[in-house]
Structure formats: structure tokens, C-alpha cells
Amino acid sequence: MTTRKALVINGPNLNMLGIREPAIYGSNTYAELVRICREAGAAAGFAEVEVFQSNHEGALIDTIQAALGRFDGIVINPAAYTHTSVGILDALKAVGLPAVEIHISDVDARESFRQVSYAGMACFARVAGEGLQGYAHALALLAHKLDEKSRH
Ligand code: CA2
């Protein structure tokens, strides 16, 4: 019986999913994203998956810090802060939890400014361009990493 807990963190504007820009981000809503994370997390063996969203960099950093000792790993879509925030990178490094970077769109095929990722420098894997199902993939990668860690 697993007691593993995963924290999924989403950055600015992701609460607008399904409301605008369906050509890039699809037509599913943020509530659907939360449902996918809960279901995929349970399927990957997590006892609990908490899903958090904020439009504020400091709130994202506070949430990463508060994960230490409460969660076994993090799946993070820092959204626009991916490309700007050394603060989020530093917070991920500070807690040292295994983390997966996730993007709904294929950031590498978009504007050049989206091809820099600070947060990604503290993540062991990246999922991009798989739509909302990418969150399921990211949670499976995190579970696999935690399995590996528990074997060593
Ligand atoms: O592809 C991703 O997941 C991104 O992290 C999404 C960010 C963007 O800044 C990154 O470069 C790539 C933007 C999230 C905005 O989400 C919206 C959703 C619906 C309507 C408008 C924005």
C-alpha cells in the first residue's frame, strides 16, 4: 500500500484553459486537467495528488518550499515563468525533490523565447506537446523515478 504523494503545480493563466486559445492549448478546461492528474496519479500508484495553480510567482515559490517533507515529488508547469524565473529554479533546487517539467504545447516548436527553461534545469525529465495527457505521462515518469530511488 503506497503512501506516496505528488504535488502538481501550474503557473499563470493555466486557469484559462478551455476559455481562450484552443488551437494551442486545446478546448478542455482547468477542471479537466485536475481530473486527469487525480486519475493518472492514482493509476501511477500515488495515494494523493494535490493540484495547485497560481498567477503569482511568489505563491508558486511558497508552494514549492512547503512541499518539502509533505510530498515525494513535483510535476510543474511554470507556464510563462518557465522562461523567466530564476526564483522558481532556486526553489526547486532548494527543496531537492524529484521534479518533472510539463508543458501542454510543444514549446520547442514555438517562439525562441519559449525555448529557454530555467525550471527545467532542476527537473530530471520534461514532457511537452502532449496536451493535457502530458500530465499523466509526467506523473508516470515521477512514479518510475521514485520506484528507482526506493530500490537504491
Ligand atoms: O505549453 C505550456 O504548457 C506553457 O507552459 C503554457 C504557457 C506558456 O507561456 C508556455 O510558454 C508554455 C501559457 C499558459 C497560458 O495558458 C492559457 C490557456 C488558455 C488560454 C490562454 C492561456
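Points to keep in mind about this one:
- Verdict on Arg151 being modelled with pLDDT under 95, among the basic types (Lys, Arg), open to solvent by 60 Å² or more (accessible area, probe 1.4 Å) and more than 16 Å from Tyr25 (Cβ to Cβ): yes
- Close pairs from segment 11-28: first in contact (Cβ under 8 Å) with a residue 24 or more places away in the chain, partner β-branched (Val, Ile, Thr) and near the ligand (Cβ under 7 Å from one of its atoms), Cβ under 6 Å, at least 6 apart: Tyr25/Ile104
- Of the residues making up segment 40-55, those that are touching a residue at least 12 places away in the same chain (Cβ under 8 Å) and not in a loop (DSSP other than H, G, I, E, B) number 9.
- Considering segment 64-80, the residues that are among the small types (Gly, Ala, Ser), away from the ligand (no atom under 16 Å from the Cβ) and more than 13 Å from Val49 (Cβ to Cβ) include one that is least open to solvent (accessible area, probe 1.4 Å), namely Ala66.
- Residue within segment 87-106 that is loosely packed, with under 15 Cβ neighbours inside 10 Å and either part of a strand (DSSP E or B) or within 11 Å of the ligand (Cβ to nearest atom) (or both) present: yes
- When restricted to residues that are hydrophobic (A, V, I, L, M, F, W, C), more than 8 Å from the ligand (Cβ to nearest atom) and under 16 Å from Asn77 (Cβ atoms), segment 1-30 contains 4.
- Counted residues, segment 4-44 - those being on the phi > 0 side of the Ramachandran plot and open to solvent by 30 Å² or more (accessible area, probe 1.4 Å): 3
- Per-region count, segment 107-116, residues assigned to a helix (DSSP H, G or I) and of a type in the set (A, V, I, L, M): 2
The values are calculated or read from the model by the stated rules, or taken from the named source; none is laboratory data. What you are looking at is a predicted structure, and each value in this text was computed from that prediction instead of being measured. Please note: Cβ atoms are built from the backbone with ideal geometry, for glycine as well, and neighbour counts cover all protein chains shown. Heavy atoms of the whole protein, side chains included, go into the accessibility calculation; ligands, DNA and RNA do not. Shrake-Rupley method; radii C 1.70, N 1.55, O 1.52, S 1.80 Å.
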